[in-house]
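Asker: One structure coming up, written as structure tokens, with questions to follow.
Just so it is clear, none of the values below were taken in a lab; they were calculated from the coordinates. Keep in mind that this is a model prediction, so the values were computed, not measured.
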């Protein structure tokens, strides 16, 4: 079986090597220390960036979440970043799967799986933890977007290119790779709540406001034998994480990409409303 086109590793520059060394060092620190530092980072970023605060305020008000959950999300956004060294280069974090029997049953039956995950808590953990537990049985194929700063390219490539993971570029070849993986009975992970490139989405409601949303999620769902929702919950006191896996409620409309995409957004909203204090509300979702 021919695998989807893999993302190539960018050339390693001196600046990139320094970033990698820092992340390896940070990956050896305790989860408690990283989360504490991340909480501070989240609030510093919120205080220093007027545009970030504006997006955060607009999105939290739009969603109708309570003020306490909204304020919790500020520190949680920084924790999301600070945890990455531990997830990518550390010895692992305490992780509990709830709903793993759904994955076991699908893999045992040779079914293709599409995981849909929002920008909630340490969302990168869904890929890392899947690769550790099931990657040898069936690798997971995910999209990888190179960072705006080229010196971070090798760092992100090393963090996401790992055994059990096939990272493909965010271009037409990568999309074809996702489609091909599902057609061949593989596993694909996707973040459907990110803004797609022009021409690859439709405007449908997200928390009651039209948002330009990718149609790729519904296209992939049509191909997958099983669609599963996966969301990460960060436990208090640096006790680790819980990954919740479930089947979505209802079926996607057939032959109507706009209606199907609106349903995917409702699935994401439901996951986010269960844990609003750990969602990335500062993301410029409505651009």
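Asker: How far, in nm, would the chain grow between residue 203 and residue 109 when pulled straight, counting 0.36 nm per residue and subtracting the alpha carbon separation? Show your work: numbers first, answer last.
Answerer: Numbers: separation 94, 0.36 × 94 = 33.84 nm, distance 3.63 nm.
My answer for the length gained is 30.2 nm.
Asker: Multiply the residue separation of residue 136 and residue 247 by 0.36 nm, subtract the distance between their alpha-carbon atoms, and state the gained length in nm to one decimal. The partial results should precede the final answer.
Answerer: Numbers: separation 111, 0.36 × 111 = 39.96 nm, distance 2.33 nm.
Taking residue 136 through residue 247 to full extension adds about 37.6 nm, to one decimal.
Asker: In addition: Mean shadow of the range 139-287, computed from the convex hull of its alpha carbons, in nm²?
Answerer: Details: hull surface 40.7 nm².
Across all orientations, the range 139-287 yields a mean hull projection of 10.2 nm².
Asker: With a/c under 1.5 counting as rounded, go ahead and sort the range 37-93 into rounded, prolate or oblate using the C-alpha gyration tensor (a ≥ b ≥ c being the square roots of the eigenvalues; past the cut-off, prolate if a/b is larger than b/c, else oblate). Please report the intermediate quantities before stating the final value.
Answerer: Details: a/c = 2.80, a/b = 1.90, b/c = 1.47.
Prolate, because a/c is 1.5 or more and a/b exceeds b/c.
Asker: With only alpha-carbon pairs counted, each pair once and no self-pairs, how large is the Kirkwood hydrodynamic radius of the range 127-220 in angstroms? Numbers along the way, then the final one.
Answerer: On the way: mean 1/r = 0.0692 Å⁻¹.
That comes to 14.5 Å for the range 127-220.
Asker: Please give the Cα centre distance for the range 55-77 versus the range 182-210, rounded to the nearest Å.
Answerer: Using only Cα atoms, the two centres lie 22 Å from each other.
Asker: Next question, about the same structure. Please report, to one decimal in angstroms, the Kirkwood hydrodynamic radius of the chain built from all distinct Cα-Cα pairs. Present the calculation step by step, with values, prior to reporting the outcome.
Answerer: Working: mean 1/r = 0.0515 Å⁻¹.
Its Kirkwood hydrodynamic radius stands at 19.4 Å.
Asker: Return the percentage of antiparallel bridges among DSSP beta bridges fully within the chain, rounded to the nearest 5 %. Kindly include the intermediate steps, with their values, before the conclusion.
Answerer: Numbers: 13 of 33 bridges.
That works out to approximately 40 percent antiparallel.
Asker: Hey, what's the Kirkwood Rh for the range 226-270 if you take every pair of different alpha carbons, in angstrom? Present the calculation step by step, with values, prior to reporting the outcome.
Answerer: Working: mean 1/r = 0.0813 Å⁻¹.
Radius from the Kirkwood sum: 12.3 Å.
Asker: Work out how much length residue 15 to residue 161 would gain on full extension: take 0.36 nm times their residue separation and subtract the Cα-Cα distance, in nm to one decimal.
Answerer: Numbers: separation 146, 0.36 × 146 = 52.56 nm, distance 1.96 nm.
Between residue 15 and residue 161, full extension yields 50.6 nm more.
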